[in-house]
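The values are calculated or read from the model by the stated rules, or taken from the named source; none is laboratory data. All figures in this text were calculated on a predicted structure; none of them were measured in a lab. All Cβ positions, glycine included, derive from the backbone under ideal geometry; neighbour counts span all protein chains shown. Remember, those area values only see protein heavy atoms, side chains included, never the ligands or the DNA or RNA. Shrake-Rupley method; radii C 1.70, N 1.55, O 1.52, S 1.80 Å.
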Amino acid sequence: MYKNVSILGAGSWGMGVAKLLQENGLKVKLWEYNESDYQIIKNQRCHPKKLKNIFLHKDIDVTNDLDYAVDKIDLVVSAIPSQSLRSVLEIIPKGKFKDCPIVNLAKGIETTTLKRMSEVIIEVLEHPSGLVTTLSGPSHAEEVTANIPTAVVIAGEDDELLAKLQIIFSNNTFRTYQSNDLIGVELGGSLKNIIAIAAGICAGLKQGDNTLGALITRGLAEMSRLGVAMGARLETFSGLSGIGDLITTCASVHSRNRYVGEHIGMGKKLDVILSSMAMIAEGVQTTKSGYNLAKKYKVEMPITNEVYEVLFNNKPPDIAVGDLMKRELKSEIWN
Ligand SMILES: NC(=O)c1ccc[n+]([C@@H]2O[C@H](COP(=O)([O-])OP(=O)(O)OC[C@H]3O[C@@H](n4cnc5c(N)ncnc54)[C@H](O)[C@@H]3O)[C@@H](O)[C@H]2O)c1
């Protein structure tokens, strides 16, 4: 069983998973690239701006030396956000951890290549595809670290590896399921952030529960349409990484993507909102990827298109909502 894990990225989720795995008995190295964040975490054993009131055990080895972080380990967990993952992997010597399973935690799609995170990992590290997995689902770090019951899914090709990872990650308050639908799990976790921005926009515009219910349902329909076109299984979107994460993110006070949308709905500018945030809101860049994937696969994604127009072409949010309501009338079930 794996014992020595390197966690890349000591943001809110990297720290949360470091705490989880250390408490589950693993020896954890936690790598942070940003010098000032590294100093804060190393000296205070916490990062008040990223994860309030959570202190890392002294046995978690916090480092900003990447070579050291990936030396003598048998498991890699990546909590690097999706648009930065490639640049981090590119500076790791090829073959450095060639037999190690890799667990990706990021929820996003690379804007430049439209690739999912497992595809980026396999491409850059030339890693065996069977060793590359993604953990996803409704799992706010704030709640996981407070031992609030949480369930997630780990997806990959190799059932034996997934079973081992399930054991390593699970405890009395963190339950893991396994899935072989890596495409569906990665797309669900990424695309739901676009819908969460839309949910925030509606909240900012003071729309109601009916609107939220409609948005989640129709959001899931367009996420599933794209997923199936890209080779995912439809039923994955009914699972934890699909509807589970979508509901949580659209409704939660912890969601940064919903937060971005809410402030857009209240009339603030995107760059002003993003510059006031200490943590990443993956949905903003994923909106570009979702928009371009919809074009590439010729899939209708009206909510994604409207979010794109609002974020990047200054379309007034109330007009965007109006345009969604005025679309041609159609059957609810797509095939
Ligand atoms: N926070 C959560 O509750 C949560 C839960 C599930 C999944 N996720 C996903 O995990 C990923 C990380 O989220 P987070 O909440 O930890 O974000 P965060 O903003 O708190 O931290 C981001 C981390 O990435 C590092 N980073 C950013 N750019 C980098 C670069 N160019 N090179 C190296 N490191 C870089 C930062 O230094 C920081 O450690 C995201 O994809 C997010 O969607 C987060």
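Here is how the numbers come out for the structure above:
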{"read-out": "Listed residue (Pro81, Ala163, Pro101) projecting farthest to the positive dipole end of the range 64-164, Cβ model", "value": "Pro81"}
{"read-out": "Cα lying deepest toward the dipole's positive end in the chain, options Leu329, Ser139, Ile183, charges on Cβ", "value": "Leu329"}
{"read-out": "Value of [θ]222 nm, deg cm²/dmol, for the chain, DSSP H segments ≥ 4, -39500 (n - 2.57) each, nearest 500", "value": "-14000 deg cm²/dmol"}
{"read-out": "Gain on full stretching of the segment that runs from Lys268 to Lys98 - 0.36 nm per residue minus C-alpha separation", "value": "56.6 nm"}
{"read-out": "Residues whose placed amide H lies under 5 Å from that of Val77, excluding near-sequence neighbours", "value": "Ser6, Ile7, Leu8, Val103"}
{"read-out": "Check: the range 183-325 dipole with +1 on Lys, Arg Cβ and -1 on Asp, Glu Cβ, in debye", "value": "200"}
{"read-out": "Inter-part distance where the range 15-88 and the range 215-241 are each reduced to a Cα centre, Å", "value": "32"}
{"read-out": "Cα gyration tensor shape for the range 106-241, rounded if a/c is under 1.5, else prolate or oblate", "value": "oblate"}
{"read-out": "Per-q log10 I(q)/I(0), the chain, q = 0.16 Å⁻¹ (Debye; single scatterer per alpha-carbon; no solvent)", "value": "-1.40"}
{"read-out": "Net charge dipole size for the range 4-180 [Lys, Arg +1 and Asp, Glu -1 on Cβ; Debye, nearest 20]", "value": "500"}
{"read-out": "Approximate spin-label separation Ala146-Ile247, in nm, with each point projected 7 Å along Cα-to-Cβ", "value": "1.9"}
{"read-out": "Å² per residue, accessible surface of the range 183-325 at 1.4 Å", "value": "41"}
{"read-out": "Rounded if a/c under 1.5, otherwise prolate or oblate - the range 29-137, Cα gyration tensor axes", "value": "prolate"}
{"read-out": "Cα-projected label distance for Asp59 with Ser87, points at 7 Å along beta-carbon direction, nm", "value": "3.5"}
{"read-out": "Entries of Lys206/Lys315; Lys98/Lys296; Lys19/Lys268; Lys49/Lys315 with Cα pairs more than 25 Å apart", "value": "Lys98/Lys296; Lys19/Lys268; Lys49/Lys315"}
{"read-out": "Qualifying aspartates and glutamates (Cα of each under 13 Å from Cα of Lys58; at least 8 residues distant if same chain)", "value": "Glu23"}
{"read-out": "By average C-beta atoms within 10 angstrom, highest first, the peptides 150-159, 245-254", "value": "150-159, 245-254"}
{"read-out": "Candidate aspartates and glutamates for bridging to Lys42, where Cα separation is under 13 Å - those fewer than 8 sequence places away on the same chain excluded", "value": "Glu32, Asp59, Asp61, Asp65"}
{"read-out": "Among Gly267, Phe312, Met277 the positive-end extreme of the charge dipole of the range 183-325 (Cβ point charges)", "value": "Phe312"}
{"read-out": "Given charges at beta-carbon only (K, R positive; D, E negative), |dipole| of the chain in Debye", "value": "540"}
{"read-out": "Protein accessible area in the chain, 1.4 Å probe - carbon and sulfur %", "value": "52"}
{"read-out": "Approximate spin-label separation Ala214-Ala229, in nm, with each point projected 7 Å along Cα-to-Cβ", "value": "2.3"}
{"read-out": "Among Ile92, Ile201, Ile183: highest mean-square fluctuation, GNM of the chain, C-alpha pairs under 10 Å", "value": "Ile92"}
